[in-house]
Amino acid sequence: MKGSEWHPGVILSCRAQLGYRPPDTDRRTDVLLLSPWLAPIVWSETYNSAILDAQFHQRNVRVGITIFGIKKYTVFVSTFIETAEKYFMVGHKVNYYVFTDRVSDIPMVDLAEGRRVMVLSVPAYRRWQDVSMRRMEMLRDYSRRRFMEEVDYLVCVDVDMRFSDEVGVEILSDLFGTLHPGLYGTSREGYTYERNPQSEAYIPADEGDFYYAGGYFGGNVEEVYKLTDFCHNAMMTDKAKNIEAVWHDESYLNKYFLYHKPTRILSPEYLWDDDLGTPDFLRRKRFLAVRKNHKEIRN
Ligand code: 48C
């Protein structure tokens, strides 16, 4: 490198990369770290945050995280944002996009520098299944007309959650999905894919890589646009035939990821429910389901 190229960003990045152990030491051997199409599966102790943070700061990356607080689910927004301020992409530029039918119910939360809340007013659907599924349409429309301009990556998650440990730029890639905590380690025959051949979400018993959770996906804006556009169109095609996949948007997401493989896969560290206990492979719980009375909160 010529002297002129040693600007602060490069020096910061190089400095951040000092003092870590040689790459070939203490690799984890208890879990799968790589998919057959060479997508990393992200587990703790398999990456160096200092290096990744330096790289993403050098690229001046902007991250959007989307949540939907429709009808009574507005009650989850403050805990979500408060815990995200402690653990989610700390030190990076983050836009919280809060989709809601109740703008005045969204609380103001103190935010660190470089982070903003943008409240987006959207309609509510009567059935909770439709509220969940229509997220794909809304994400698609906003990706095209707004997110393209404002952020580089999108992280699309459920709102009835709280962060409980660091979630950093290690999750960011062109297209990523998250292993469903309840189905982790199940065989493909046991995955709760849609099995009705008439449905656009249909996956045959002898196909399937992983079972991905509907409440946690993302990638660059272009890839999220394509994913949400596919899922919405597939749902509308089924709806016209009076078909609705067994696990709603999650079923269509799994179909998409079968034929459009994600470039990175998040381990169940990134999406957990304490009802599932603490198995040995789970060294960190980064994002936890919040207790809720489904019946009460959904009608
Ligand atoms: O915002 C709402 N309001 C509802 O009445 C029903 C669902 N939703 C959104 O859809 C929330 O963002 C939920 O997180 C998501 C559906 N996911 C769940 O209800 C559980 N996490 C499975």
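The values are calculated or read from the model by the stated rules, or taken from the named source; none is laboratory data. For clarity, every value in this text was computed on a predicted model and none was experimentally measured. Virtual Cβ from ideal backbone geometry, glycine too; neighbours counted across all protein chains shown. SASA here: full protein model, heavy atoms, side chains in, ligands and nucleic acids out. Shrake-Rupley method; radii C 1.70, N 1.55, O 1.52, S 1.80 Å.
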Given the conditions (1) within 22 Å of residue 294 (Cα to Cα); (2) surrounded by 20 or more Cβ atoms within 10 Å (Cβ to Cβ); (3) within 17 Å of the chain's Cα centre (by Cα), report the number of the one that residue 162 does not fulfil. (2)
Looking at segment 249-264, is at least one residue surrounded by 13 or more Cβ atoms within 10 Å (Cβ to Cβ) and within 12 Å of the ligand (Cβ to nearest atom)? yes
State the number of residues belonging to segment 286-299 that are open to solvent by 50 Å² or more (accessible area, probe 1.4 Å), assigned to a loop (DSSP other than H, G, I, E, B) and away from the ligand (no atom under 11 Å from the Cβ). 2
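Given the criterion under 15 Å from the mean Cα position of the chain (by Cα) and under 14 Å from residue 262 (Cα atoms), identify the matching residue among 139, 175.
175
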Quick test of your reading of the structure: residue 279 fulfils all but one of (1) in a loop (DSSP other than H, G, I, E, B); (2) more than 12 Å from the ligand (Cβ to nearest atom); (3) in contact (Cβ under 8 Å) with a residue 60 or more places away in the chain. Name the failing condition by number. (3)
Mind checking whether some residue in segment 121-134 is at pLDDT 95 or above, open to solvent by less than 20 Å² (accessible area, probe 1.4 Å) and either more than 16 Å from the ligand (Cβ to nearest atom) or among the aromatic types (Phe, Trp, Tyr) (or both)? no
Taking segment 51-87 on its own, how many of its residues are within 16 Å of the ligand (Cβ to nearest atom) and touching a residue at least 40 places away in the same chain (Cβ under 8 Å)? 17
Hits in segment 236-248 (condition: open to solvent by 10 Å² or more (accessible area, probe 1.4 Å) and either in contact (Cβ under 8 Å) with a residue 12 or more places away in the chain or within 15 Å of the ligand (Cβ to nearest atom) (or both)): 237, 241, 243, 244, 246, 247, 248
